[in-house]
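Enquirer: Have a look at the structure that comes next, please.
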Amino acid sequence: MIAPDKLNHLRGGQKRRKLALCFGALERDIAGIAEAGCGYSFPSLSRSDYVAKLASIVLEDPQLPEATAKELQALLAANPIDERRVCNCARNALLAIIGTFPAEWDLIIAPHRSEVPVSRDFYPGLYVYAEDIRSPFNLGSIFRTAEAMGAQSVFLSPGCCDPLHPRAIRSGMGCIEALPWQRLSLEELPQDLPVFVLETGGTAIDEFDFPQQGIVIIGSEELGVSPEALNRATYGRVTIPMKGMKASLNVGVAFGILMQAWVESLE
């Protein structure tokens with residue numbers, strides 16, 4: 001944290017970068033996930049007053065878009081102010097002016113319960129096999145969706161990224177700790193369950209006859225499902241019809257659509 005007066009005397013890009021860093025630190029403090037020794041510590045100002053003073057500095061930036069300025073002014077006019085929204089609005093406005101946008105792993109996510117529950121409700125026999133997912137953020141998202149939609153557990157291919165990677169843990173929002181998982185090769189998947197894949201060129205999702213129990217295989221971000229996985233998926237191939245020019249979905253988004261359709265077929 002830097003004193004407002006000191007920040008106000010900085011110029012141009014340096015001033016914007018320092019302000020953006022301060023707002024990021026404040027967001028982490030507000031969310032309760034500040035690094036040890038990095039919480040708010042100005043005794044002469046309440047955190048709310050400090051946030052407001054820094055935001056007023058941002059409002060003086062000549063490159064601040066008018067619409068953003070109005071949004072920030074409205075947030076500051078509230079009583080009490082929503083500190084986190086003020087920080088988020090100001091930080092992202094500064095990053096946009098600088099030309100640096102937050103990567104997915106830089107997003108400041110609210111804290112969540114990380115302890116493993118004593119029991120959880122799920123659909124027995126619903127499994128997902130994540131084949132060679134490379135992005136920890138995507139893998140965490142897959143766990144989060146699988147837990148929310150009632151999968152029993154997750155299987156990971158030997159080539160999948162580590163679910164205990166900090167970015168996976170962060171995007172998983174406690175679900176990696178709550179949902180059982182294990183690494184298995186395709187040959188090690190349970191032999192007594194139907195196996196199908198989510199991939200292009202198959203039966204449309206609204207026409208697919210989902211099994212009551214089974215394993216869905218979702219492929220890597222770049223290559224999709226492997227030929228070996230296609231051969232293993234003797235129950236079939238389900239496809240999400242798309243109209244767009246690119247006809248492309250993030251693997252986590254596609255998996256969410258698939259799980260919603262599967263669960264609806266069971267209910």
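The values are calculated or read from the model by the stated rules, or taken from the named source; none is laboratory data. Quick caveat, the model's predicted, so the values are computed rather than measured. Positions of Cβ are backbone-derived with ideal geometry, glycine not excepted, and every protein chain shown enters the neighbour counts. In case anyone asks, the SASA skips ligands and DNA or RNA and just uses the protein heavy atoms, side chains included. Shrake-Rupley method; radii C 1.70, N 1.55, O 1.52, S 1.80 Å.
Enquirer: Give the residue that is least open to solvent (accessible area, probe 1.4 Å), with candidates limited to residues of segment 135-160 that are assigned to a loop (DSSP other than H, G, I, E, B) and over 15 Å from residue 255 (Cβ atoms). Give the steps one after another, and end with the answer.
Expert: Filtering segment 135-160 for residues assigned to a loop (DSSP other than H, G, I, E, B) gives 135, 149-152, 157-160.
If we keep only those that are over 15 Å from residue 255 (Cβ atoms) too, we end up with 152, 158-159.
Working: 152: 51, 158: 96, 159: 28 Å².
Taking the candidates together, the pick is 159.
Enquirer: For residues that are modelled with pLDDT under 85, hydrophobic (A, V, I, L, M, F, W, C) and either within 22 Å of the chain's Cα centre (by Cα) or open to solvent by less than 40 Å² (accessible area, probe 1.4 Å) (or both), tally how many sit in segment 97-129.
Expert: Number satisfying all stated conditions: 8.
Enquirer: Could you please give the count of residues in segment 64-79 that are loosely packed, with under 10 Cβ neighbours inside 10 Å and within 14 Å of residue 51 (Cα to Cα)? Please lay out each step first, then the result.
Expert: To start, the set of residues in segment 64-79 that are loosely packed, with under 10 Cβ neighbours inside 10 Å comprises 66-67, 77, 79.
When the remaining residues are screened for being within 14 Å of residue 51 (Cα to Cα), the result is 77, 79.
Counting residues in segment 64-79 that are loosely packed, with under 10 Cβ neighbours inside 10 Å and within 14 Å of residue 51 (Cα to Cα) gives 2.
Enquirer: Could you figure out which of (1) free of Cβ contacts under 8 Å to residues at least 12 places away in the same chain; (2) acidic (Asp, Glu); (3) buried (at least 18 other Cβ atoms within 10 Å of the Cβ) isn't true of residue 192?
Expert: (3)
Enquirer: Restricting attention to helices (runs of 4 or more DSSP H) lying wholly within segment 1-111, give those where 3 or more residues are over 29 Å from residue 167 (Cα atoms) and hydroxyl-bearing (Ser, Thr, Tyr). Even if it seems obvious, please write down each step before you answer.
Expert: Working: elements: 4-8, 12-31, 47-59, 66-77, 83-98.
Ranges flagged: 47-59.
Enquirer: Name the residue that is nearest to residue 84 (Cα to Cα), counting only residues in segment 19-52 that are charged (D, E, K, R) and either at pLDDT below 90 or surrounded by 15 or more Cβ atoms within 10 Å (Cβ to Cβ) (or both). Walk me through how you get there before you give the answer.
Expert: The first filter runs over segment 19-52 and keeps only residues charged (D, E, K, R), leaving 27-29, 35, 47, 49.
Right, trim to either at pLDDT below 90 or surrounded by 15 or more Cβ atoms within 10 Å (Cβ to Cβ) (or both) and you get 27-29, 35, 47.
Numbers: 27: 6, 28: 9, 29: 9, 35: 17, 47: 11 Å.
By that ranking, first place goes to 27.
Enquirer: Hey, among 259, 173, 245, which residue is among the aliphatic types (A, V, I, L, M) and either touching a Cys at 6+ places or on another chain (Cβ under 7 Å) or open to solvent by 90 Å² or more (accessible area, probe 1.4 Å) (or both)? Steps first, answer last, please.
Expert: Working: 259 fails: either touching a Cys at 6+ places or on another chain (Cβ under 7 Å) or open to solvent by 90 Å² or more (accessible area, probe 1.4 Å) (or both); 173 fails: either touching a Cys at 6+ places or on another chain (Cβ under 7 Å) or open to solvent by 90 Å² or more (accessible area, probe 1.4 Å) (or both).
Checking each option against the conditions leaves just 245.
Enquirer: Return the pairs, sorted by first residue and then second, in which the second residue is basic (Lys, Arg) and open to solvent by 40 Å² or more (accessible area, probe 1.4 Å), the first residue lies in segment 12-38 and is over 15 Å from residue 54 (Cβ atoms) and touching a residue at least 24 places away in the same chain (Cβ under 8 Å), the beta carbons are less than 9 Å apart, and the residues are 6+ apart or on different chains.
Expert: Pairs found: 31/84.
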